[in-house]
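Working notes, beginning with the structure itself.
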Amino acid sequence: MINENRQYEGLDTNELCKLYSTALNKALEILVSYTERDVDEILSHGLSPIAAAAGLDRIIVFRITNRDAMACGEEYRWDRIKGGTAPTDDDLKALPITQATMRWFSIMADNSCISLKRSEFTEEEAAFLSPRDVMSILIVPVFTEGNFWGVVTFHDNTKERDFDEDCITMLRSSARIMASTIIRAEKTTNVEQAMNALKRSEKMKDALNKISIIFLSEHEDKIEDTMAAGVDMIADMAKINRMILCRNHMISDSLHASEVYRWDKGSGGSTELTKTFIDVPYARIIPDWEGLLADGNHINSPSKLLSEKAAHALKMFGVLTAAVIPIHINNVFWGFALFGDAENERYFEDDIIEMMRVATFLFANVFIRAEVDFDALTGIHNRRFFDENMKRVINFLSRSESALSILMIDIDFFKRYNDTYGHLEGDKCLKIVAQTLSRSITRTNDFVARYGGEEFIVVLPHTDEEGAKLIADRLLGNIQNCNLKHEQNDAADCVTISIGVTTGMVTYKHKADDFVRKADELLYKSKQGGRNMYSFELLETP
Ligand code: GH3
Ligand code: MG
């Protein structure tokens, strides 16, 4: 009876020849004309007829990893008892270089096979092969295009034997076919990876194009909405769940960063800013980032591989992995964008970082464009914004001859405030007054702007005399309620303002200047009248 696993036993040369060629044909059919994708599965099935015909217990493929050093490691393992593909041995991931392996490689260099059996093992061969149950082994080199590609070892763990010539021929052929199967599978994977990378890069280009179109065209959307639309487009590709944009400021010789925008996937997009991230000195929180980012380098790291302080910073930003991209505008370090993954510790791929760089520039652009309209010290609208918008308001209201009210505001005895408390305190006071005025007007079309040094202007479209007086009273009250100590103020013991208020029905004959001049006159009247008060007059039609 033929032993299923040792079919060669008891056969004469002719029968052996037939057995081996039948086995090789069966193997070829599976290995060469396979349609399944998984190389492990193909080898698992394909090697069975070979192993059965030659009576083998194990087949291992070693791949050369460094040709000069003759370094190689186990790449694939077939095991009869496991019934096919088996897990590789971690100890053989890098084959130890010993006298024995060096001797084997020198023999194989001219494409010769090595056949060994246990009773003839050298001491070193025994030390290496015996613990692995090898009784007999055939070691076959594989060359591809003249280069040493790897080694296939065929094991008999049951008995000592000499592999016959026909068997060696069959095993040599199967070694070649195994190598080519592995190479072909790799090529398919490489092509697939390249295709995926290409598809991804197409998607990225597409997203960036769309962001540019949204961001660079004129539109009236709020910054938060524009930004959220942009970040959404790249969040899926980069698999991020947080994006933070920070802007730098020099404050008395040290560089500070302030959060100006925050996006959070969990909260559905743009979210409130974090108070703790306003005017944070780099030196205090992330000293090693200042130089790095200023030099144009990005940071791409899971927090566990960052310095203690930087890891702490990521924790404060609420992320485990971050890409931090610096922004330079006209060679000045403007700020940075942080793209974070709150769930995984990982690295971002190079092409994702490239996409982030372009996106970051577009994001910063949104803020830079908006800054043109804002006053750097107080954060409220500036004179430029007032001039632009006042023209539009007059134009618009003149069509329906609607009411417009203007309030010109000036801080009382502010020169004395500076002289008493110093310029820095003066600046702080200006900020508080500006923010208080800004918070005191609530209708969407109303706005307040810093008109000059310590002068502010409030524009109230569709607002009549009664409404304007109400707002003027509210502003006087709210500023006084700030209770900012001002000992040199003759009008009160805290900071106060004086206001000139005028209201007119806008006609096509009106110019912005008519309103401003009238409000200014009335402001002067309030100063004359004792300050901390408003004066009102209607604006006549010219
Ligand atoms: P009045 O009640 O008549 O308005 O008196 P005043 O001292 O406020 O008026 P004046 O116009 O003489 O002085 C305005 C001062 O405002 C001059 C300057 O010291 C101060 N000032 C203007 N711009 C700034 C600024 O940006 N920061 C600071 N700290 N002070 C400013
Ligand atoms: Mg003043």
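Where a number appears in this text, it was derived from the coordinates with a stated rule and is not lab data. This is a predicted model, so every value here is computed, not measured. For neighbour counting, all protein chains shown are included, and Cβ atoms are generated from backbone atoms with ideal geometry for every residue, glycine included.
Remarks
- Taking 0.36 nm per residue of separation and subtracting the Cα-Cα distance, full extension of the segment from Leu538 to Lys187 would add 118.0 nm.
- Pairwise inverse Cα distances across region 67-111, averaged and inverted, put the Kirkwood hydrodynamic radius at 12.1 Å.
- Met237 paired with Leu470, simple spin-label distance in nm, labels 7 Å along Cα-to-beta-carbon: 5.1
- Nearest-ten-degree value, helix 308-317 long axis tilted from longest Cα axis of the chain: 60
- Calculated FRET efficiency, Met195 to Asp427, Cβ-Cβ distance, R0 = 56 Å: about 0.45 to the nearest 0.05.
- Cα-based shape type of region 343-467, given that a ≥ b ≥ c are square roots of the gyration tensor eigenvalues and the cut on a/c is 1.5: oblate
- Point-to-point label distance, Asn483-Thr65, nm (Cα→Cβ direction, 7 Å offset): 7.3
- Backbone HN-Hα couplings from phi across region 105-114 [Karplus 6.51/-1.76/1.60, Hz, Gly and Pro as x]: 5, 5, 5, 6, 3, 9, 6, 7, 8, 10
- Annotation: for a label point projected 7 angstrom from Cα along Cα→Cβ of Ser258, residues of region 372-414 with backbone N closer than 15 Å are 372-382.
- Full extension of the segment from Ala492 to Glu120, taken as 0.36 nm per residue of separation minus the current Cα-Cα distance, would add 122.9 nm.
- Once backbone amide H atoms are built at 1.01 Å from N, Thr463 has Ala403, Leu404, Ser405 as its partners under 5 Å, excluding neighbours fewer than 5 places away on the same chain.
- A crude spin-label estimate for the pair Tyr347 and Asp90, with each label 7 Å from Cα along the Cβ direction, gives 2.3 nm.
- Cα-only radius of gyration and Dmax that characterise the chain, units Å: 40.1, 128
- Cross-linked pairs Lys199/Lys315; Lys222/Lys391; Lys431/Lys525; Lys428/Lys511; Lys239/Lys315; Lys203/Lys315: Cα-Cα separations exceed 23 Å for Lys199/Lys315; Lys431/Lys525; Lys428/Lys511; Lys203/Lys315.
- Between Thr65 and Ala71, Cys72, Gly73, the built amide H atoms are under 5 Å apart, and every one of these is 5 or more places off in sequence or on another chain.
- Relative to the longest principal axis of the Cα atoms of the chain, helix 13-32 runs at roughly 10 degrees.
- MRE, 222 nm, helices only [DSSP H, n ≥ 4, -39500 (n - 2.57), over the chain, to nearest 500]: -14500 deg cm²/dmol
- Relative contact order (percent, whole number), the chain, Cα cutoff 8 Å, 6+ residue spacing: 8
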